[in-house]
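**Student:** Input: one structure, supplied below.
The values are calculated or read from the model by the stated rules, or taken from the named source; none is laboratory data. In this text, all values refer to a predicted model and were calculated from it rather than measured experimentally. No Cβ is skipped: glycine too gets one built from the backbone with ideal geometry, and neighbour counts run over all protein chains shown. Ligands, DNA and RNA are excluded from the accessible area calculation, which covers all protein heavy atoms including side chains. Shrake-Rupley method; radii C 1.70, N 1.55, O 1.52, S 1.80 Å.
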Protein chains: 2
Amino acid sequence: MDLVAAPARLSTTSATFEAEFKARLHWSADTDAAIEQRVADILADVQRRGDEAVLDYTRRFDGLEAAALKDLELSQADFKAAFDSLPAAQRAALQDAAARVRLYHEAQKKACGESWSYRDEDGTLLGQKVTPLDRVGIYVPGGKAAYPSSLLMNAIPAHVAGVGEIIMVVPTPAKGSVATGGAGGQSSGKGERNVLVLAAAHVAGVTRAFTIGGAQAVAALAYGTQTVPAVDKITGPGNAYVAAAKRRVFGTVGIDMIAGPSEILVLADGSTPPDWVAMDLFSQAEHDELAQSILLCPDAAYIAAVQAEIDRLLPQMPRAAIIAKSLNGRGALIHTRSMEEACAISNRIAPEHLEVSSREPHRWEPLLKHAGAIFLGAYTSESLGDYCAGPNHVLPTSGTARFSSPLGVYDFQKRSSLIEVSEAGAQKLGLIAAELAYGEGLQAHAQAAEMRLKR
Amino acid sequence: MDLVAAPARLSTTSATFEAEFKARLHWSADTDAAIEQRVADILADVQRRGDEAVLDYTRRFDGLEAAALKDLELSQADFKAAFDSLPAAQRAALQDAAARVRLYHEAQKKACGESWSYRDEDGTLLGQKVTPLDRVGIYVPGGKAAYPSSLLMNAIPAHVAGVGEIIMVVPTPAKGSVATGGAGGQSSGKGERNVLVLAAAHVAGVTRAFTIGGAQAVAALAYGTQTVPAVDKITGPGNAYVAAAKRRVFGTVGIDMIAGPSEILVLADGSTPPDWVAMDLFSQAEHDELAQSILLCPDAAYIAAVQAEIDRLLPQMPRAAIIAKSLNGRGALIHTRSMEEACAISNRIAPEHLEVSSREPHRWEPLLKHAGAIFLGAYTSESLGDYCAGPNHVLPTSGTARFSSPLGVYDFQKRSSLIEVSEAGAQKLGLIAAELAYGEGLQAHAQAAEMRLKR
């Protein structure tokens, strides 16, 4: 195999930099009208026919036969058996990762997820009560892209938040089914379950689970069916059908962000072994041909050294073809005038993963405004964060870190304002409210305030 | 005028309660395919033609002529002049309300909007950095529904969060224009500005403002034009076109919730003067014929007393026609077996505004799981919260309080995870990460972790 991975070489001093930079960054989540219509039909059908519709679509798309939806429910015993079947090292790794993720999210809850209130000088109480969601649904993709770590990252913050029930859906398409890219019709009739995902469900603590997927699973969670309970929010990644379905049910239930391709940006001052950086760029590129890996560095010789390591390491990678396609199509090694300029460019990109591969990470961190997660120093490879450092690996992509945040405990909580106006407070506030309400032409508002005034 | 306002009388002991209750609650934000297509076209056109497209639509829908988009920009002097033109009492009320709203949101920022981090026993740093959004857009509806209080409630939390620039858009449709319900063509060519809104912009501190509205204004904020800067998030209420546009630009920018009709639910134990409760029900009903006002009470005689007050007070209300239509169409007075049952029903509704009109509000508050804002005790009329108590009046509607929260400082911030793995930490975490990464078939992830292990 004679693969070459040659990310675009850009320099900020070049006259063509702006145009080349924009062209590299461009990515658009075009919505496909045919998918949209198909998904709208599936949602309406599941809302109308419930279980029967879900069974029909599961038969058609996943090649999975079942007489009743309850036959597609997994049990706690299934999770336990999967966990017990793993080698000891894998069991321990799952448990250690889960423990660290739990610890971090407990700290997060304490830092920003507790109720608060105060009383003002009139004795009026003001605050917010923070409560968990009652029931959430977690979508776990089936087949090759089924990542047990994603299940941990979705279920654990929900648990820490205090969510009462966590309902998992995970398609188990039969080989040869439409969902696995087969022509359909030659399916084995038996879905392929991912043992690691079921083991992760045991470790994370999933309440109930169904082997359904696609838009039909999203619909079942959003509207509820005879068998699948309706949830309050749906999180977790999925294909274009799942993404379209989540967008459409938003409002009926909450959803997390719709994720684009994964991205890493490495800010390097040249002090990190270049093979470490090359491998970090690979670890994003191996996800997906559309994934984006970018290096920003003021040291041209170091950039050349990283490219040399890319050339050296690529042939030994099992996923070399995907890595090469991703780096060639969307990767970039950008020579900057300075680390300061590199930080400014990073802020324009607002990357999902941002490695500050420098001897002085705390010098640059304050300059970095927008990123899903910031990995400080050479030892902090993004892959440690993906699995077990503790913070969530579900992060905003495609520049949405400008306005959104990692998945967290706060996504499984909601807030209610608390107001208790004292009699004294009502005298003062009533005059202000009445004045403004009359100004807006809302006389009932004004009179409701005035009725509380002492005559 | 012989208006009658007779909310539905339901009782939880009735055999038909469930059906009647569900029918009353039903509300569906049906999307209109024609509006969707129109909005998609406008967004694409503004993205392509920028200023020129915005000017064209403003001419067509608002009857407002301008040679250049900069002619539709309002200045700080315009805001100041509007503020100075108000009567002293109105100026003071605006300033007092703003000061209280600011104080509350500063407390909110302190309680749940600060960066945090900790180091574990290996010296590994874990935490989250909280940063403000750079630039946000606030949509303020024009014409009759232009509420200066809404501008305060959107702009002040953005300010407290530390947002750099707040861009306001507020349509000023000319009389007789399409936007004001006129046939178009007979427009005065000059938009009608709302003095109170401009004064509120002065008090709240708006950076820039344009007299544009509709889907074209949302597009200008989301994509940017030659004159209007692109923002990171758009908040604020609007009509069906604005709502559809916000849904479509979600992902390019952040948006707040799409609001449904306003709602109030009063839980009463019969201790509050019945005219106060009647007026509180009116104050929601006067917003909109689709607004929903519900009373839950275990005391049948009290319910009758509230209905008597409704009959007595209705004729004197300037907005009596809207109130009557809202109460007749969507209102309900529900007789419950107990306050406990009333709390349980309230949780099923998850109302936007929830008044606990009881001598013992703190007895019932812990039973209330889902609500946008909870108003405790007889003195806490919802209208005080709408204007000046301090908490935000932008609240989740249509049952979305099950999974979403009042607008707050947190909506104008985002979080970035911080991870700094120590050399010692990398030895421990590297083994866990590599084990799981090999299990998921992601070898570059595994090798990136392994490279950091000491040989």
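**Student:** Select from segment B:123-149 the residues that are within 19 Å of the chain's Cα centre (by Cα) and more than 24 Å from B:GLY390 (Cβ to Cβ) and write down the one among them that is nearest to the other protein chains (Cβ to nearest Cβ).
**Tutor:** B:LYS144
**Student:** Name the residues in segment B:426-441 that are open to solvent by 30 Å² or more (accessible area, probe 1.4 Å) and more than 7 Å from every other protein chain (Cβ to nearest Cβ), would you?
**Tutor:** B:GLN427, B:LYS428, B:LEU431, B:TYR438
**Student:** Is there a residue being in contact (Cβ under 8 Å) with a residue 60 or more places away in the chain, open to solvent by 10 Å² or more (accessible area, probe 1.4 Å), out of contact with any Pro (no Cβ under 8 Å at 6 or more places or on another chain) and closer than 29 Å to A:GLU382 by Cα anywhere in segment A:212-233?
**Tutor:** Yes: segment A:212-233 contains one or more residues that are in contact (Cβ under 8 Å) with a residue 60 or more places away in the chain, open to solvent by 10 Å² or more (accessible area, probe 1.4 Å), out of contact with any Pro (no Cβ under 8 Å at 6 or more places or on another chain) and closer than 29 Å to A:GLU382 by Cα.
**Student:** Looking at (1) within 30 Å of A:GLY127 (Cβ to Cβ); (2) facing another protein chain (nearest Cβ under 9 Å); (3) open to solvent by 10 Å² or more (accessible area, probe 1.4 Å), which one does B:GLU423 not meet, given that it meets all the others?
**Tutor:** Status for B:GLU423: all satisfied but (1).
**Student:** Restricting to segment A:283-307, give me the number of residues that are within 13 Å of chain B (Cβ to nearest Cβ) and open to solvent by less than 10 Å² (accessible area, probe 1.4 Å).
**Tutor:** 6
**Student:** Could you check, for segment B:256-268, whether at least one of its residues is open to solvent by 50 Å² or more (accessible area, probe 1.4 Å) and at pLDDT below 95? Working first, answer last.
**Tutor:** Taking segment B:256-268 and keeping what is open to solvent by 50 Å² or more (accessible area, probe 1.4 Å), we get B:257, B:259.
So of that shortlist, the ones also at pLDDT below 95 come out as B:257, B:259.
Within segment B:256-268, one or more residues are open to solvent by 50 Å² or more (accessible area, probe 1.4 Å) and at pLDDT below 95.
**Student:** Consider B:PHE412 against the criteria (1) over 16 Å from the mean Cα position of the chain (by Cα); (2) surrounded by 22 or more Cβ atoms within 10 Å (Cβ to Cβ): it satisfies all of them except one. Which criterion is unmet?
**Tutor:** (1)
**Student:** Here is a further query. Pick out the one residue from B:ILE374, B:ILE323, B:ILE310, B:ILE345 that is surrounded by fewer than 24 Cβ atoms within 10 Å (Cβ to Cβ), β-branched (Val, Ile, Thr) and either over 20 Å from the mean Cα position of the chain (by Cα) or at pLDDT 95 or above (or both).
**Tutor:** One residue alone meets the criteria, B:ILE345.
**Student:** Exactly one of (1) of a type in the set (Ser, Thr, Tyr); (2) in contact (Cβ under 8 Å) with a residue 40 or more places away in the chain; (3) at the interface with another protein chain (Cβ under 9 Å from one of its Cβ atoms) is unmet by B:TYR118. Its number?
**Tutor:** (2)
**Student:** A further question follows. Residues being in a loop (DSSP other than H, G, I, E, B) and without any contact (Cβ under 8 Å) to a residue 12 or more places away in the chain: count how many of those fall in segment B:78-89. Break it down into steps so the answer makes sense when it comes.
**Tutor:** Applying the first criterion (in a loop (DSSP other than H, G, I, E, B)) to segment B:78-89 yields B:86-87.
Those still in the list that are without any contact (Cβ under 8 Å) to a residue 12 or more places away in the chain too: B:87.
Total meeting the criteria: 1.
**Student:** Still on this structure, please answer the following. B:GLY182 is checked against (1) assigned to a helix (DSSP H, G or I); (2) at pLDDT below 85; (3) not β-branched (Val, Ile, Thr) and fails just one. What number does that condition carry?
**Tutor:** (1)
**Student:** Considering only segment A:398-407, I want to know if a residue exists there that is among the hydrophobic types (A, V, I, L, M, F, W, C) and closer than 29 Å to B:GLY399 by Cβ.
**Tutor:** Checked segment A:398-407: at least one residue is among the hydrophobic types (A, V, I, L, M, F, W, C) and closer than 29 Å to B:GLY399 by Cβ.
**Student:** Moving on to the next point. Which of (1) more than 7 Å from chain B (Cβ to nearest Cβ); (2) farther than 23 Å from B:LEU133 by Cβ is the odd one out, the single condition A:SER381 does not satisfy?
**Tutor:** (1)
**Student:** B:VAL46 - would you say it is closer than 30 Å to B:ALA291 by Cβ, in contact (Cβ under 8 Å) with a residue 60 or more places away in the chain and of a type in the set (A, V, I, L, M, F, W, C)?
**Tutor:** So B:VAL46 does not fit the description; no.
Yes/no per residue for (1) in a helix (DSSP H, G or I); (2) more than 21 Å from A:CYS388 (Cα to Cα):
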| position | (1), (2) |
| --- | --- |
| A:LYS70 | yes, yes |
| A:ARG91 | yes, no |
| A:GLU106 | yes, no |
| A:LYS110 | yes, no |
| A:GLU121 | no, yes |
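**Student:** Within segment B:364-372, can one find any residue that is facing chain A (nearest Cβ under 9 Å), in contact with a helix residue (DSSP H, G or I) (Cβ under 7 Å, 6 or more places away or on another chain), within 22 Å of A:THR131 (Cα to Cα) and of a type in the set (Phe, Trp, Tyr)?
**Tutor:** Checking segment B:364-372: not a single residue is facing chain A (nearest Cβ under 9 Å), in contact with a helix residue (DSSP H, G or I) (Cβ under 7 Å, 6 or more places away or on another chain), within 22 Å of A:THR131 (Cα to Cα) and of a type in the set (Phe, Trp, Tyr).
**Student:** If I filter segment A:310-336 down to residues being part of a loop (DSSP other than H, G, I, E, B) and in contact with a strand residue (DSSP E or B) (Cβ under 9 Å, 6 or more places away or on another chain), which single residue comes out as nearest to A:GLY372 (Cα to Cα)? Please lay out each step first, then the result.
**Tutor:** Within segment A:310-336, the subset part of a loop (DSSP other than H, G, I, E, B) is A:317-319, A:331, A:336.
Of the ones still in play, those that are also in contact with a strand residue (DSSP E or B) (Cβ under 9 Å, 6 or more places away or on another chain) are A:331, A:336.
Numbers: A:GLY331: 19, A:THR336: 22 Å.
Among residues in segment A:310-336 that are part of a loop (DSSP other than H, G, I, E, B) and in contact with a strand residue (DSSP E or B) (Cβ under 9 Å, 6 or more places away or on another chain), the one nearest to A:GLY372 (Cα to Cα) is A:GLY331.
**Student:** Ok, one more. Kindly list the number of the only condition in (1) open to solvent by 10 Å² or more (accessible area, probe 1.4 Å); (2) of a type in the set (Gly, Ala, Ser); (3) in contact with a strand residue (DSSP E or B) (Cβ under 8 Å, 6 or more places away or on another chain) that fails for A:SER381.
**Tutor:** (1)
**Student:** Of A:ASP275, A:ASP280, which residue is part of a helix (DSSP H, G or I), surrounded by fewer than 20 Cβ atoms within 10 Å (Cβ to Cβ), modelled with pLDDT of 95 or more and within 14 Å of another protein chain (Cβ to nearest Cβ)?
**Tutor:** Details: A:ASP280 fails: surrounded by fewer than 20 Cβ atoms within 10 Å (Cβ to Cβ).
After applying the criteria, what remains is A:ASP275.
**Student:** Given the conditions (1) open to solvent by less than 10 Å² (accessible area, probe 1.4 Å); (2) farther than 30 Å from A:THR131 by Cα; (3) in a helix (DSSP H, G or I), and given that A:TYR241 satisfies all but one, which numbered condition is not satisfied?
**Tutor:** (1)
**Student:** So which residues in segment A:290-307 are outside any helix (DSSP H, G or I) and either under 21 Å from A:HIS353 (Cα atoms) or modelled with pLDDT under 95 (or both), if there are any at all?
**Tutor:** Residues satisfying the conditions are A:LEU290, A:ALA291, A:GLN292, A:SER293, A:ILE294, A:LEU295, A:LEU296, A:CYS297, A:PRO298.
**Student:** Scan segment A:384-409 for residues that are open to solvent by 10 Å² or more (accessible area, probe 1.4 Å), touching a helix residue (DSSP H, G or I) at 6+ places or on another chain (Cβ under 8 Å) and at the interface with chain B (Cβ under 7 Å from one of its Cβ atoms) and jot them down.
**Tutor:** Result: A:ASP386, single match.
Every residue, every condition in (1) among the hydroxyl-bearing types (Ser, Thr, Tyr); (2) open to solvent by 30 Å² or more (accessible area, probe 1.4 Å); (3) closer than 30 Å to A:ALA437 by Cβ; (4) in contact (Cβ under 8 Å) with a residue 60 or more places away in the chain, yes or no:
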{"position": "B:GLN76", "(1), (2), (3), (4)": "no, yes, yes, yes"}
{"position": "B:ALA99", "(1), (2), (3), (4)": "no, yes, yes, no"}
{"position": "B:ASP122", "(1), (2), (3), (4)": "no, yes, no, yes"}
{"position": "B:PRO132", "(1), (2), (3), (4)": "no, yes, no, yes"}
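**Student:** Still on this model: For segment A:442-455, which residues satisfy the criterion of being open to solvent by less than 20 Å² (accessible area, probe 1.4 Å), free of Cβ contacts under 8 Å to residues at least 24 places away in the same chain and either facing chain B (nearest Cβ under 7 Å) or at positive phi (or both)?
**Tutor:** First, the residues of segment A:442-455 that are open to solvent by less than 20 Å² (accessible area, probe 1.4 Å): A:442, A:444-446, A:448-449, A:452.
With free of Cβ contacts under 8 Å to residues at least 24 places away in the same chain added as a condition, the list becomes A:442, A:444-446, A:448-449.
Listed by number, the residues that qualify are A:LEU442, A:ALA444, A:HIS445, A:ALA448, A:ALA449.
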